[in-house]
1. Report, in cubic angstrom per residue, the convex hull volume of the C-alpha atoms of the stretch B:62-163.
2. What's the whole-number percent of alpha carbon pairs in the stretch B:9-66 lying beyond 19 angstrom?
3. If I model a spin label as a point 7 Å beyond the Cα along the Cα-Cβ vector, how far apart are those points for B:GLN325 and B:GLN501 in nm?
4. Give me B:SER284, B:SER257, B:SER648, A:SER56 ranked fewest to most by other Cβ atoms within 10 Å of their Cβ, as a rough exposure proxy.
5. Once R0 is set to 56 Å, what does the formula 1/(1 + (r/R0)^6) return for the Cβ-Cβ distance between B:TRP68 and B:GLU234, expressed as a FRET efficiency to the nearest 0.05?
6. Give me the distance between the Cα centres of the stretch B:494-555 and the stretch B:637-662, rounded to whole Å.
7. What number does the stretch B:126-191 give for Rg over Rh if you use C-alpha atoms and the Kirkwood radius?
8. Taking a cut-off of 21 Å, what percent of all Cα-Cα pairs in the stretch B:374-490 are separated by more than that?
Amino acid sequence: MEVTIAHQNDEIIVSLDGRLDTPVAQEVAEKLEPLKEEAGGTIILDCSALTYISSSGLRIFLSLRKAAAAAGGKVIVRNIDDNIRGIFMMTGFLNLFEIQ
Amino acid sequence: MKKYRTGLLLVIVAAVTLEVTAVIQMYFSQKGIKAEASLRAESELEATQCEILDVIDQAESAVKNNVWIACWALDNPDSLSAVCRRLIENNPVVMGSTVALVPGYLRSLPLYAPYVFRDPSGALTIRSLATEEYDYPAQEWFAKPLESGEGYWSEPYLDEGGGDILMTTYSAPVRDASGKIAAILTADISLDWLSDMVGGIKVYPHAFSLMVSRTGQIMVCPAETLVMRRTVDEIANRSGDSASIRLVNQAMRSGTSGNLPVKYKGSKNYVYFAPVERTGWSMSIVIPESDIYGTLRRIGGLIWILQILGLAMIVLIIRSYDRSQTKYKALSEKKERMENELHIASGIQMAMIPKIFPPFPDRNDLDMSAAIIPAKEVGGDLYDFYIREGKLFFCIGDVSGKGIPASLVMAVTRTTFRNISAHQDDPALIVTMMNASLSESNENCMFVTFFCGVLDLENGRLRYCNAGHNPPMILLDTIHPIEVDANIPLGVVADFQFSGQEITLRPDSAIFLYTDGLTEAENLAHEQFGETRIESALHGWRCAEEHLRNISDRVIEFVGEAPQSDDLTMLFIHYLGKENPHRIILRNNIKQISRLEGWVEGIAGEAGLDLPTTMNVNLALEEAVTNVILYAYPEGMHAPVILTADLSPTAVTFTLSDNGTPFDPTAAPEVDIDAPATERPIGGLGIHLVRKIMDTVAYRHRDGKNILTMTKNIK
C-alpha cells in the first residue's frame, strides 16, 4: 500500500495505491491524520490504483469526511473501480462522498 | 586476631578492675582493722594502767600516811619499827617496810634502819639494815628520795630471800618539824599480781604483754625466766632484728605512749605501749601482724581465688562466645553462599527449560505454554520440548524430593532426555534408555516420574511413554486422563523395558501435562486440588497460555493461605493440525490477515467464484477475523483463529472458530447506511459488510468456542 499526498491548486490529492486492508490501515490512518487540519479545503482521494478496501480503510475515509464536514470542506473520492464502488454502495458511502 | 585481642582486652580490664577494687578494699579494711586493733590495745592498756595505778596509789598512800607518824616517832627511835609494823599490817600489798634515818641526823644513832617484813610463814620479823655490808645510805631507795626530797619508786627487783617474788619499793622522805629530811620511810610492794594482771591481757590469740622498768629490765613477759634477768636491749642484741626493738625500747623508756612496728624473729608485730605514771615503768602489748590481719588475709586469699575463678570464667565465656560467633559467622556465610548458589542454580535450571512463549511463533499448527512454580528455590520438576523433523518432542517429570539434590537430578534428567531423543523417535525407547542411564549413576536412590511424548505434527500421531507419572489430560471430545501403561519411574530398575502407547490427536485437540504439585496442592483444610478440579478447569476452550493462567488462578484461590508444598509444573499443548486449502490457522495478530487473500483465492477458484465476489468474500472474512483478533483475545496473546471452508455445489460455508471471549457479532445493531456523515459512527462497518456480503451468517458458542458460520451461495 502506497500513499502519496500532493497539494495542487488549493486541493490536496491523496493517491492510494494497492490494498487498504486491516494490517495497513493503522499506518495509512497515521499518514492522513495531519490532513484533518486542512479539512476546510478540498481533499481528493484518488482511488485509481486502490484494489481493495476493508472497513478499516472505510473508517479512515469516514473520519476524513467528518473532519471536512466540521471544517466546512469537502472530500472527493475519485476513480473508484466497480468492486470498491460495490463496497461503497453496501456501506452507504456513495451518499457520503462526492464520487468522481 | 582482632576478636582475640578484644577478648584479651576484656579480660585485662576485668582483672585490673577486680584487682584495683580488691586492693582499695584491702587497704581500707587494713586501715579499719588496724584502727580497731589500736583501739583495743589502747583501751586494754588504759584499763590495766588504771588497775596498776590503783595499787600504786594504795602503796603510796600507805607510805605517805605513815610519814607523819614516823615524823612524830623520830623523837623516840625505838618506836620507828612499830610504825613499820603497822604499815605492813594495814596494807596487804606491803611486804616489808623500814624507816631509815639520814646518817648524822641523830647523833646518838648515826645509822639506824629497822626493817620489818613478812617472813615466808607470814609472820612479821624485824631486822636491822644498818650493817656495814648493806650500807643502806648508798642504796637507791634511800639515796634518790633523799636527793630529790620526793617519793620514789625503785627499780623492781627479785626478792631472793622471799621466793623470787618481783618486788618494788616506794620510799618517801620523812621531814622533821623544821622541814629537814630526817629519815626515809619505805614500803616494799609485791608485784606478783602484776604479771597476772598484765599477762592476762589477751586482745589477740598470739598477742602478749610486756612491761619494762625505766632501766629496761623486763618486769612482765610470757617467758617468766626472763623477768628481771634480761633487759630489752639484751634481747634485741640476741635477735637479728635489733633496730626496731631498740627504737621501741627507747620510746617506752622515755615515758611516752604510742605504737610502733617491730620485727622479731622474722615476723612483724605491732607494739602498743603506754607509761605507768610515777613508776617509770612502761607497759606494752605486742600483737603479731598475722593476728591483726589474719582474718583479713584469709578473706583476701578467698577473694583472690574467687577473682581468679571469675576471670577464668570470663576467659571461658569469651572463648566459647568467640567460638560460637565464629561458628555463627561461618554458618551465616555458608548460608549466604548457599542462597547465592541456589539463586544461580535456579537461574541455570530455569535457563535449561524452554520458557519463552510462544515457543514457536512461526508455527500455526501448535499453541503451547508451560509453567513451573518451584516450592523451594530450586525444584525437582522439569518439562522440556522441542521440534525435530516435524515432530514435537516433549516431556514432563517430577524428581523425588525437593531442593538442590532434586534439581541436580532434574538437570541430569533433562540433559539425558535431550541427548537420547536427539536420535531416537520412539518414546518407549527414549524412556528405556534414559532409565538405564539414570539408574547407572543413581547412588542416592532418587527416582523420577516421567512422561515422554512425540507428536507428529504432520498427522497428529502421538506416541508416548509414561514412567510412573500422573497421566496427562487429553482434551479431545471430552476431557479425560490419557490411558497409560503401568511403567515404573525412572532410576529404579536399570534394565526395565518401558512400554509405549499411541493415539492420534485430531486437529484442534490438546494435551495437558502436570506434576502432582497440581493434584496434591492442599488448602488449609488439607483438601487436595485433585483431578476433578483439573478437569473442570480445563473445560472451555482457551488458548494454551490462558489455560495455564486459569489453572494457576484456580489453584491459588483453592490453596488460599496454605504454603505451597510441592513444585507445580504444567505443560499445555494445543495441536491445531495442518493447514490445507480448506483450513487456515491464523494467530492473534492483525498482520496474519494478509494471509487470507491467497487462501480465499484458492477456495474461490475451486468454487468458481468470480473476481468481485472473491474480493467481497475476502473482505467479509477479513472483517470477521479482524473482529476476533481485536476483541476475542487479550492483546499480544498468541492465540489461534481457525478458518475452514466447506464447499458444496451450491455454496461455500466458512467456519471461523476461536477460543476467546464469547462474542456474538451478529448481535451487533444494524448500521444506518443512509445517515449523514456527521451522524455515522466510525465502527460497526465490518459486521455490516459480513452481513451484506454473506448470504447467511450464524453465530454459536459451543464448548467454550466462538463459532461463526458464514455461507456464500454460488450462483
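1. Hull volume over Cα atoms, normalised by residue count, gives 110 Å³.
2. Numbers: 1035 of 1653 pairs.
It works out to 63 percent of all Cα pairs.
3. Going by the 7 Å Cα→Cβ label model, 6.5 nm.
4. Ranking B:SER284, B:SER257, B:SER648, A:SER56 by Cβ neighbours within 10 Å, fewest first, gives B:SER648, B:SER257, A:SER56, B:SER284.
5. Given R0 = 56 Å and the Cβ-Cβ separation, E is 0.85.
6. Spelled out, the Cα-based centre of one part sits 27 Å from the other.
7. Values: Rg = 12.7 Å, Rh = 12.7 Å.
Taking Rh as the inverse mean 1/r over Cα pairs, Rg/Rh reads 1.00.
8. Value for the stretch B:374-490: 36 percent of Cα pairs lie more than 21 Å apart.
Computed from the coordinates by the stated procedures, all read-outs in this text should not be read as laboratory data. Treat the numbers as computed from the prediction; the structure is a model and nothing was measured. Cβ sites come from the backbone with ideal geometry, for glycine too, and all protein chains shown count toward neighbours.
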